[in-house]
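*Asks:* Structure in structure tokens, see below.
The values are calculated or read from the model by the stated rules, or taken from the named source; none is laboratory data. Remember, it's a predicted structure, so these values are computed and weren't measured experimentally. Heads up, the Cβs are rebuilt from the backbone with ideal geometry, glycines too, and the neighbour counts pull from every protein chain shown.
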Amino acid sequence: MNTEQFCSRAIYLINVIAYFVSLGCPKALVDSEQIITELLDNGCDIVAAEEPSEVTVINTCGFIDTAKAESFATIEQALTEQREVIVTGCLGAQRDELLERFPQLKFVSGPADVAPVIAAVEHFVPAKRQAKPSPREVRERLTPAHYAYLKISEGCNHTCSFCVIPDMRGKLRSRPIDSVLHEANALVAQGTKELLVVAQDLSAYGVDLKYASADVDGEVLQAKLDVLCDALGDIAPWVRLHYVYPYPSVDHLIPLMAEGKILPYLDIPLQHASPKILKAMRRPAAAEKALERINRWREICPELAIRSTFIVGFPGETPDDVGLLLDFLEEAQLDRVGCFTYSSVDGARANALEDPIDEVDKLDRQEMVYELQANISAARLNRHIGQELQVIVDEGGQNAEGIAIGRSKYDAPEIDGTVHISGAKGLRAGEFAQVKIDRHDDHDLYGMLGFGWLCVLVMIASLGAQRIALLGLAHNVVVSDGLLDPNEEGMLEQLRREMGIDTGHELDYLELDGISQIFSTRPVRVVALLNLLKLSYADGAFEVEEECLLKEISSTFNIPDDEFLLLDNWVKRLISLENEAESLINA
């Protein structure tokens, strides 16, 4: 069956039952989400592996031998389960090879072929009945609700000798900037807190469009990466960039990181440091220039975290080349490093190179890289000891130990480290928290839930109505006992200054009706309550009137009584520790 014959079919898949397998990188995962969304929009039911189904759709990866082996094994398993099997993705670009190996396959297509896959499902598994589909505003997601991958382009214009991605996915095809921003807004409206921006090469975004402009809500924006990132920073709390080449265009992104518009994080696949090997790889950057650029970036944004990947054992690589790579790592002081041993890829130009490296030598060189980088990464983590970091929670603390798992702005999901948060029973996945870091291991950070006063700024400074509402509530709490202690007055003034509220701004008494709508998300409500609790202890006492009002606010915020007590105890402990510290200082 060829792709073209399916493209114009009307698709209705009511009551068709499908099982979907997604393999490969985040870019392929976005393709999977788009296919699943179309299947669901057209009435298909997606089930788990152990449930009966009529068709299996496999989005494959074919970049390296291990990925191909996983794809082959998945196809073999699916063909034993009495289901129709449809294959798509990067390995699907090698259609003839796949059909020769697996003639039972019903349909094979390449990456991002959404419409042909949907039509193939409809062709081979006819619907039980017809009905008009109801399309979703946002694609179905395979990630947790609080983060999402945002793919801004497809394909690649580079000709790296070890890579066949351009053959599989084609040349660079950037999305118009208004399309990207529309999807970003829809994802955030759905609850996404972190956008992970992906492409084969983010740095090239817009080149093929000649940086075409588009009208976005009355503002004309060019399809340039820095313009896009600036706009994304106004949409999502966290914006993280993946797969960036170290080009001069990236220089324009660093100021955005320094001012907090996007996360101070870059994922740069440098691949090697030896000029000879980089030339053989057909890589566009020299190690010396990369070091200069990294140093300049860190001058502008000292907290910048850099992740990179490298390949050892490339044909012709000598011990001296490995030495250059190790020297580069020592000087660059990267935060996170992935190191892969070279493996040939069908169709790659590097297959024709001479002087292949023995597999044992490849593994030895990989171990050398990881041994050195482990010490560098540990030193980079050590700088966070004693700091209070903002963390997004990936796994809540509703367990016996009360430990939640999250990530700081320096770590991407699945590939980097995590933050283990003690005393976190009240935290749920998708919430932000301030965590005081007290130790680390080779990869992860550990700490206690913190109560940094400035977390108010982080959580709500961008929303004027919430700033005013919080200050009004704070005022109501501290005057509820009929008194305004100098300590309370001082903390109110500090809160006013930190949130940038003009001293001439008149505060109306805020009724609790409608407050939950103003504080629209649970993380903001929890942070607001924490700061109100801290204010209530500013005069060293917790009056009955204050307690009653705080409990009423907590109830309005839909925070359970046990969580209120937990927050209350945490704040009491914090105030006690602060008083002890002050006593020691004054002693």
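*Asks:* What number of residues within segment 87-98 satisfy the criterion of being in contact with a strand residue (DSSP E or B) (Cβ under 7 Å, 6 or more places away or on another chain) and modelled with pLDDT under 90?
*Replies:* The first filter runs over segment 87-98 and keeps only residues in contact with a strand residue (DSSP E or B) (Cβ under 7 Å, 6 or more places away or on another chain), leaving 87-92, 95, 98.
Going one step further and asking which of them are modelled with pLDDT under 90, we end up with 89-92, 95, 98.
Qualifying residue count, segment 87-98: 6.
*Asks:* Which of the residues spanning segment 298-316 are assigned to a strand (DSSP E or B) and among the β-branched types (Val, Ile, Thr)? Show your work before the answer.
*Replies:* Let us first name the residues in segment 298-316 that are assigned to a strand (DSSP E or B), namely 305-312.
Hits for segment 298-316 are ILE306, THR309, ILE311, VAL312.
*Asks:* Going by what's in this entry, would SER344 be described as polar (S, T, N, Q), part of a helix (DSSP H, G or I) and in the same structural domain as HIS158 (by TED's automatic domain parsing)? So that I can check it myself, show each step before the final result.
*Replies:* Values: polar (S, T, N, Q): yes; part of a helix (DSSP H, G or I): no; in the same structural domain as HIS158 (by TED's automatic domain parsing): yes.
No, not satisfied.
*Asks:* Go through ASP215, ASP226 for me and flag whichever is at pLDDT 90 or above and not in a strand (DSSP E or B). Write out each step before concluding.
*Replies:* On the way: ASP215 fails: not in a strand (DSSP E or B).
None of the other options fit; the residue is ASP226.
*Asks:* Condition check: surrounded by fewer than 18 Cβ atoms within 10 Å (Cβ to Cβ), part of a loop (DSSP other than H, G, I, E, B) and not hydrophobic (A, V, I, L, M, F, W, C). Does ASP361 satisfy that? Step through it out loud before you land on a result.
*Replies:* Details: surrounded by fewer than 18 Cβ atoms within 10 Å (Cβ to Cβ): yes; part of a loop (DSSP other than H, G, I, E, B): no; not hydrophobic (A, V, I, L, M, F, W, C): yes.
In short, no.
*Asks:* Mind listing just one residue for me: the one in segment 273-331 that is surrounded by 14 or more Cβ atoms within 10 Å (Cβ to Cβ) and polar (S, T, N, Q) and, of those, farthest from the chain's Cα centre (by Cα)?
*Replies:* Step by step, filter segment 273-331, then rank; the result is SER274.
*Asks:* If I go through segment 85-103 residue by residue, how many of them are touching a helix residue (DSSP H, G or I) at 6+ places or on another chain (Cβ under 7 Å) and not in a helix (DSSP H, G or I)?
*Replies:* Looking only at that region, the number is 7.
*Asks:* Let me confirm something: among LEU512, LEU529, which residue is hydrophobic (A, V, I, L, M, F, W, C), modelled with pLDDT of 75 or more and surrounded by 12 or more Cβ atoms within 10 Å (Cβ to Cβ)?
*Replies:* Answer to the check: LEU529.
*Asks:* Could you pull out the residue among PRO264, PRO284 that is in contact with a helix residue (DSSP H, G or I) (Cβ under 9 Å, 6 or more places away or on another chain) and at pLDDT below 90? Break it down into steps so the answer makes sense when it comes.
*Replies:* On the way: PRO264 fails: at pLDDT below 90.
The conditions single out PRO284.
*Asks:* Mind checking whether some residue in segment 568-579 is at pLDDT 65 or above and more than 36 Å from the chain's Cα centre (by Cα)?
*Replies:* Within segment 568-579, one or more residues are at pLDDT 65 or above and more than 36 Å from the chain's Cα centre (by Cα).
*Asks:* Please work out which residue is modelled with the lowest pLDDT, limiting yourself to segment 397-407 and to residues that are farther than 23 Å from SER308 by Cα and crowded, with 20+ Cβ neighbours inside 10 Å. Outline the logic, then answer.
*Replies:* Narrowing segment 397-407 to residues farther than 23 Å from SER308 by Cα: 397-405.
Checking the rest, the ones that are also crowded, with 20+ Cβ neighbours inside 10 Å come to 397, 404.
Numbers: GLY397: 80, ALA404: 89.
Only one residue fits best here, namely GLY397.
*Asks:* Look at ALA28 and say whether it is modelled with pLDDT under 80 and among the aliphatic types (A, V, I, L, M).
*Replies:* Values: modelled with pLDDT under 80: no; among the aliphatic types (A, V, I, L, M): yes.
Taking the combined requirement at face value, the residue does not satisfy it.
*Asks:* Please enumerate the residues belonging to segment 37-65 that are outside any loop (DSSP other than H, G, I, E, B) and either acidic (Asp, Glu) or modelled with pLDDT of 85 or more (or both). Give the derivation first.
*Replies:* Within segment 37-65, the subset outside any loop (DSSP other than H, G, I, E, B) is 37-41, 45-47, 55-60, 65.
Residues satisfying the conditions are GLU38, ASP41, ASP45, VAL55, THR56, VAL57, ILE58, ASN59, THR60, ASP65.
*Asks:* Next question, about the same structure. Considering segment 396-438 alone, what residues qualify as being in contact with a Gly (Cβ under 8 Å, 6 or more places away or on another chain) and either in the same structural domain as LEU530 (by TED's automatic domain parsing) or not in a loop (DSSP other than H, G, I, E, B) (or both)?
*Replies:* ALA404, ARG407, VAL419, HIS420, ILE421, SER422, ALA433, GLN434, VAL435, LYS436, ILE437, ASP438
*Asks:* Among the numbered conditions (1) touching a helix residue (DSSP H, G or I) at 6+ places or on another chain (Cβ under 7 Å); (2) within 21 Å of ARG240 (Cα to Cα), tell me where SER308 comes up short.
*Replies:* (1)
*Asks:* Sticking with this one: Name the residue, out of VAL207, VAL220, VAL239, VAL164, that is over 27 Å from ILE46 (Cα atoms) and modelled with pLDDT under 90.
*Replies:* Testing whether each residue is over 27 Å from ILE46 (Cα atoms) and modelled with pLDDT under 90 leaves just VAL164.
*Asks:* Now for a separate question. If the requirement is being at pLDDT 85 or above and within 20 Å of TRP238 (Cα to Cα), which of these qualifies: TYR410, TYR370, TYR342? Break it down into steps so the answer makes sense when it comes.
*Replies:* Details: TYR370 fails: within 20 Å of TRP238 (Cα to Cα); TYR342 fails: within 20 Å of TRP238 (Cα to Cα).
Within the list TYR410, TYR370, TYR342, the selection yields TYR410.
*Asks:* When you scan segment 160-170, do you find a residue that is free of Cβ contacts under 8 Å to residues at least 60 places away in the same chain and either in the same structural domain as LEU256 (by TED's automatic domain parsing) or in contact with a Pro (Cβ under 6 Å, 6 or more places away or on another chain) (or both), even just one?
*Replies:* The first filter runs over segment 160-170 and keeps only residues free of Cβ contacts under 8 Å to residues at least 60 places away in the same chain, leaving 166, 170.
Checking which are either in the same structural domain as LEU256 (by TED's automatic domain parsing) or in contact with a Pro (Cβ under 6 Å, 6 or more places away or on another chain) (or both) leaves us with 166, 170.
There is at least one residue in segment 160-170 that is free of Cβ contacts under 8 Å to residues at least 60 places away in the same chain and either in the same structural domain as LEU256 (by TED's automatic domain parsing) or in contact with a Pro (Cβ under 6 Å, 6 or more places away or on another chain) (or both).
*Asks:* Scanning for something surrounded by 21 or more Cβ atoms within 10 Å (Cβ to Cβ) and in a loop (DSSP other than H, G, I, E, B), does segment 66-80 turn up at least one residue?
*Replies:* No, the conditions are met nowhere in segment 66-80.
*Asks:* Let me ask another. Regarding ILE75, is this residue within 25 Å of the chain's Cα centre (by Cα), at pLDDT 80 or above and not polar (S, T, N, Q)? Walk me through it before giving the result.
*Replies:* On the way: within 25 Å of the chain's Cα centre (by Cα): no; at pLDDT 80 or above: yes; not polar (S, T, N, Q): yes.
Spelling it out, it is not the case that ILE75 is within 25 Å of the chain's Cα centre (by Cα), at pLDDT 80 or above and not polar (S, T, N, Q).
*Asks:* Starting from residues that are assigned to a helix (DSSP H, G or I) and in contact (Cβ under 8 Å) with a residue 60 or more places away in the chain, keep the ones in segment 242-297 and report whichever is farthest from SER343 (Cα to Cα). Walk me through how you get there before you give the answer.
*Replies:* Start the filter on segment 242-297 by keeping residues that are assigned to a helix (DSSP H, G or I), which leaves 248-252, 254-258, 275-281, 287-297.
Restricting the remaining residues to those that are in contact (Cβ under 8 Å) with a residue 60 or more places away in the chain gives 280-281.
Details: ALA280: 15, MET281: 13 Å.
Within segment 242-297, the match that is farthest from SER343 (Cα to Cα) is ALA280.
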